[in-house]
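See structure below.
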Amino acid sequence: MRYKPFPYDDEIGQEICRTIGTHSEGLKALCKKNPSWPRPAHIYTWMIENPSFKEMYIRAKQNQIESLVDDIVDIADDTSEDWIENDKGTIVANHDHINRARLRIDTRKWLAAKLCPRLYADKTPSNTDNNDALSQFRVEDK
């Protein structure tokens, strides 16, 4: 299905990036919540055609990773639905909720590791070097 072109608008582009950088939801979900935004396909086209928007979008996605990492702690600490009462009135573990929480955490960990590997990828002897995640925070002796 072809859609009418949506020319780049700097004000909307900045709003999109600001929102992405402060929310953990994906672009499709955010576009649905913001009817003044273009469709995701238009936004991807903007990245191809506009290098400054692409840079701004990349920075927003990097910020979004921090939001996803913050979500991990919240999800792990939320035990509110871990226990339910069954038909017999006995309190039992809610395995569906626990497994869904595990999936949500694993998905966020995977995204963080893929999109920001320097900080969040697992370090093994085969992929660790002197440029590990903490090296960006070290002050070099002079």
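So that you can scan it fast, the table gives a plain yes or no per residue for (1) of a type in the set (G, A, S); (2) under 23 Å from C116 (Cβ atoms); (3) touching a residue at least 24 places away in the same chain (Cβ under 8 Å):
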{"site": "R59", "(1), (2), (3)": "no, yes, yes"}
{"site": "I65", "(1), (2), (3)": "no, yes, yes"}
{"site": "D77", "(1), (2), (3)": "no, yes, no"}
{"site": "S80", "(1), (2), (3)": "yes, no, no"}
{"site": "E85", "(1), (2), (3)": "no, no, no"}
{"site": "V92", "(1), (2), (3)": "no, no, no"}
### Message
Looking at the range 26-41, I want the residues that are farther than 24 Å from R104 by Cα and have a partner that is surrounded by fewer than 13 Cβ atoms within 10 Å (Cβ to Cβ) and among the hydroxyl-bearing types (S, T, Y) with Cβ atoms under 8 Å, at least 6 apart or on another chain. Which pairs are those?
### Response
R39/Y3; A41/Y3
### Query
Does the range 50-80 hold any residues that are among the β-branched types (V, I, T) and in a loop (DSSP other than H, G, I, E, B), and which are they?
T79
### Summary
Taking the range 51-90 and keeping residues over 19 Å from A101 (Cβ atoms), at pLDDT 95 or above, surrounded by 12 or more Cβ atoms within 10 Å (Cβ to Cβ) and not aliphatic (A, V, I, L, M) leaves F53, K54, E55, Y57
### Summary
Scanning the range 1-60 for residues that are β-branched (V, I, T) and under 14 Å from the mean Cα position of the chain (by Cα) gives T19, I20, T22, I58
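The values are calculated or read from the model by the stated rules, or taken from the named source; none is laboratory data. If you're wondering where the values come from, they're calculated on a predicted model, not measured in any experiment. Ideal geometry is used to build each Cβ from the backbone, glycine not excepted, and the neighbour counts take in all protein chains shown.
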